[in-house]
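Coordinate-derived values only; no laboratory data. Just so you know, these numbers come straight off a predicted model, no measurement behind them. All Cβ positions, even for glycine, are placed from backbone atoms using ideal geometry, and neighbour counts span all protein chains on display.
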Amino acid sequence: MLDQLGRALAAEDAAAVSVVLAEDVTLRVAVHDEPIEGVGAAPHVIGAVLDGVLHDIEVSAIIGGIGDTSVLMFGAQVAGHPGRADGLLVARQDRDERISDLTVFVRPLAALQALADEMGRRLGVPRPGGVV
């Protein structure tokens, strides 16, 4: 399933990403204290990210983990950030081999801040501290 996710991300295809997500998927991102839950909310956020916030995505490795957990490593350009960003997706699969939990890490901090700022503008969600 992570191979399919990797291809969907590299193609910047939000609909293809949604196909691999479980109905009760939980999305965890560094800039929100609370996880984003459910097949309605998580694909909405992922769709916004893939609609130009992250682009030129290159999957560099998919590492099988322990049990149901795997890691996908990627590089991407972030809107509003001059350099490339590195990212990790830690994915857990459910019994149906769909992704039930997805945790996203992005570095460097300047790229993460640019990502958070652009997502806040697009989704109208304030960042911690009240900044939209």
Checklist entry - What does the charge add up to near Val59, with Lys and Arg as +1, Asp and Glu as -1, over the other residues with Cβ less than 14 Å from its Cβ? => result -4
Checklist entry - Taking the Cα centre of the stretch 1-110 as origin and charging only Cβ (+1 Lys, Arg; -1 Asp, Glu), how large is the dipole, in debye to the nearest 20? => result 320
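In a shell of Cβ-Cβ distance under 11 Å around Gly47, excluding Gly47 itself, what net charge do Lys and Arg (+1) and Asp and Glu (-1) give?
Working: positive: Arg122; negative: Glu12, Asp13, Asp51.
Local net charge: -2.
Roughly speaking, what is the stretch gain from Gln4 to Leu88, that is 0.36 nm per residue apart minus the C-alpha to C-alpha distance, in nm to one decimal?
Working: separation 84, 0.36 × 84 = 30.24 nm, distance 1.57 nm.
Result for the pair: 28.7 nm of gain on full extension.
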Next on the checklist: Suppose each label sits 7 Å from its Cα in the direction of the beta carbon; what would the His32-Ala61 distance come out to in nanometres?
Outcome noted: 2.9
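Hey, what number do you get for the chain at 222 nm if only DSSP H runs of n ≥ 4 count, each worth -39500 (n - 2.57), divided across all residues, to the nearest 500? Write out the running numbers ahead of the final one.
On the way: 4 runs with 38 residues, N = 132.
One gets -8500 deg cm²/dmol as the mean residue ellipticity at 222 nm.
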Item to check | Mean separation of Cα contacts under 8 Å, 6 or more apart, over the residue count of the chain: relative contact order % | outcome: 23
Item to check | Rough spin-label spacing in nm, given labels placed 7 Å along Cα→Cβ, for Asp96 and Ser18 | outcome: 1.5
